[in-house]
Amino acid sequence: MAASAPPIALVDGNNFFASCEKVFDPSLRGVPVIVLSNNDGCAVARSAEAKALGIPMGAPLFKIRDIVAAHGVRVFSGNFELYGDMSRRVTEVLSSFTPDLEVYSVDESFLAFPGMDHARLLDLGQVIRKRVERWTGIPVGVGFGPTKTLAKLANYLAKKVTMFDGVASLMEAEVRQAVLAQIPVGEVWGVGRALAPRLEAMGIRSAYDLAALDPRQARRAFTVVGERLVRELNGLSCLGLDDVPPARQSAVVSRSFGRAVTSRAELEEALAAFAHRAAEKIRAEGLAACYVQAYAHTNRFAEPESRYAGCAGTTLIEPTADGGLLIGEVKSLLERFWRPGPGFAKAGVMLAGLVPEASSMGSLFGRPAPKRDKAKRLMAAMDALNARMGRDTIKPLAAGLGKPWQGKSAHRSKAWTTRWAELPVVRA
DNA sequence: TCTGGGGTCCTAGGACCC
DNA sequence: TCTGGGGTCCTAGGACCC
C-alpha cells in the first residue's frame, strides 16, 4: 500500500446546544431537551431523548407544540453566549492532544495526527471522548479518516452505529469498501438538498457509488466541487487543515423581529443596532469594511403578492469600522428602500470588502485624520468597557433603548460562564 | 398567531479593455 | 451586405455548511 495520508480526526459535540444546557442543569438528565433558534423560531438542537420523540431538525416550535406538551419536552431559547464559551472550552481540551487543529464550527474541530499508528486510533478516540466529557461536561464523537470528508463520514458512523461507542475510523480502504455502500449519498459532506436527488437520478445512491464515479465525469456533471468529493472519498486529500483561520470576508448581523415592524423609526433603530454590532465584530478582529449593505423583508412565508424585500448597499470612501459612521450609512441606505405599508419581519446589515484596519490609510475624500482618530479612540474605549463589563454596557443611543422590535426569547437560560451576575451558585 | 443566523465557494453573465 | 476574441473584474444568485 502507498504511504497513507496522515490521520485526520473530526471531533464534534453530540447535540451540542442541548448538551450545553444539560451541563448546568442536572434536572435535564434523561429528559428530552430542545434549543430554539433566535426569536424562538425552530428547534436547532435536540437531545437524544427529543430526537427519539421524532422532533425533526429545524422544526418550527408551533408545529411541535403537541409533542412538547405531551412529553414534557424542556424548551430553551438559544443562549449563544453560553454555547460560544463552552465551545471555546472544548477546543482548549482538544488542543491538549495536538497543535494541529482547525476549529471548523461552534461544535466541530478537525485534528491532525501525523505519524500516528492506525491501530491506536480507536483508543486515542476514546481518550479524547473521556477527557472532553470530564473536563467540560460535553459528550463528543470522534471519526478518523485520511481526508476531511472521510473523517466526517467516520464521525457519522461513530454516532449512528451503537457498537462503535462514539469512535470510528475509515483509515483503511478495506473498511471503506465494506461500509460506504451502507451510507446514503445524502450523508456525504457537501452533498445537499439539491445535489442528492440529481445523484440519485443517475443511480448514485450510496457514498460507495459516489466514490466509484470517474473524477472527470464528476467534474463535468457537478463542477470542481463534485470532482473534489470523489477524490476525497477515495482517500486523496483535497481539503487541507486550516490551523490559521483565513481572514473573514464579510460580517452579517440580522434578526427576525418579535412582531411585524411597520414604523420607519423602529426599522431604522434596528438597522442602527445591527450596524453597531457588526462594527463591533469586525473591530474585534482588527478589520475595516469597504462596503456596507442594509436590507429588510416581509415574512418569507407570506403570499407572494404581499411580500416585499428592500436592499441597498454602498461602497465607502475609505474602509472603516467606526460604528457611528456606519449607523449614518445604514440610515441613508434605508431611505433608498423604505416603503410604508409592508410589515417587515426581518432586517440585516452586511459589512463586506473587509481589510486589515492598518491598511486603511484614508483617502483624499475621507474624513480629516484628527476626526477619524477621535472616532477610533472612542470605539476602542467602548470596546474595552464592553469587554470587561459585558456586551452593550455602553452603546450608541441610535441603537435603541427599548428595542420594541426585538425577537422573542421566552426560555433563556443563564449565561452561566460569561456573566458574573449569572454565575451558578453551589449550596452545600 | 407562530417558520434562525452567519458564513464560504462556485458559476454565469455583463461590463470593460485591448 | 460586413460587425473579433480573449482576458479581467465585478456582481448576483445558487448551493452548501453548521
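Here are a few things to note about the model shown:
- The residues listed here are A:Phe337, A:Phe344, A:Phe301; of these, the one that is under 28 Å from A:Lys403 (Cα atoms), surrounded by 17 or more Cβ atoms within 10 Å (Cβ to Cβ) and not aliphatic (A, V, I, L, M) is A:Phe344.
- Among the residues of the range A:295-306, the one identified as in contact with a helix residue (DSSP H, G or I) (Cβ under 8 Å, 6 or more places away or on another chain) and within 13 Å of DNA strand C (Cβ to nearest atom) is A:Tyr295.
- Hey, A:Tyr291 under 28 Å from A:Arg259 (Cα atoms), modelled with pLDDT under 95 and not in a loop (DSSP other than H, G, I, E, B) or not: no
- Options A:Lys414, A:Lys403, A:Lys374; residue that is part of a loop (DSSP other than H, G, I, E, B) and either free of Cβ contacts under 8 Å to residues at least 40 places away in the same chain or in contact with a Pro (Cβ under 8 Å, 6 or more places away or on another chain) (or both): A:Lys414
- Checking every residue in the range A:73-80 against the condition of being in a helix (DSSP H, G or I) and more than 22 Å from the chain's Cα centre (by Cα) gives zero matches.
- A:Gly390 vs. criteria touching a helix residue (DSSP H, G or I) at 6+ places or on another chain (Cβ under 6 Å) and either surrounded by 12 or more Cβ atoms within 10 Å (Cβ to Cβ) or within 21 Å of A:Ala278 (Cβ to Cβ) (or both): no
- Checked against the criterion of being among the small types (Gly, Ala, Ser) and either in contact (Cβ under 8 Å) with a residue 40 or more places away in the chain or assigned to a loop (DSSP other than H, G, I, E, B) (or both), the candidates A:Gly328, A:Gly341, A:Gly313 yield just one match: A:Gly341.
- When A:Ala381, A:Ala428 are checked against the criterion of being among the hydrophobic types (A, V, I, L, M, F, W, C), surrounded by 11 or more Cβ atoms within 10 Å (Cβ to Cβ), more than 22 Å from A:Leu271 (Cα to Cα) and free of Cβ contacts under 8 Å to residues at least 60 places away in the same chain, A:Ala381 stands alone in meeting it.
The values are calculated or read from the model by the stated rules, or taken from the named source; none is laboratory data. Worth saying up front: this structure is predicted, and the values here are computed from it rather than measured. Positions of Cβ are backbone-derived with ideal geometry, glycine not excepted, and every protein chain shown enters the neighbour counts.
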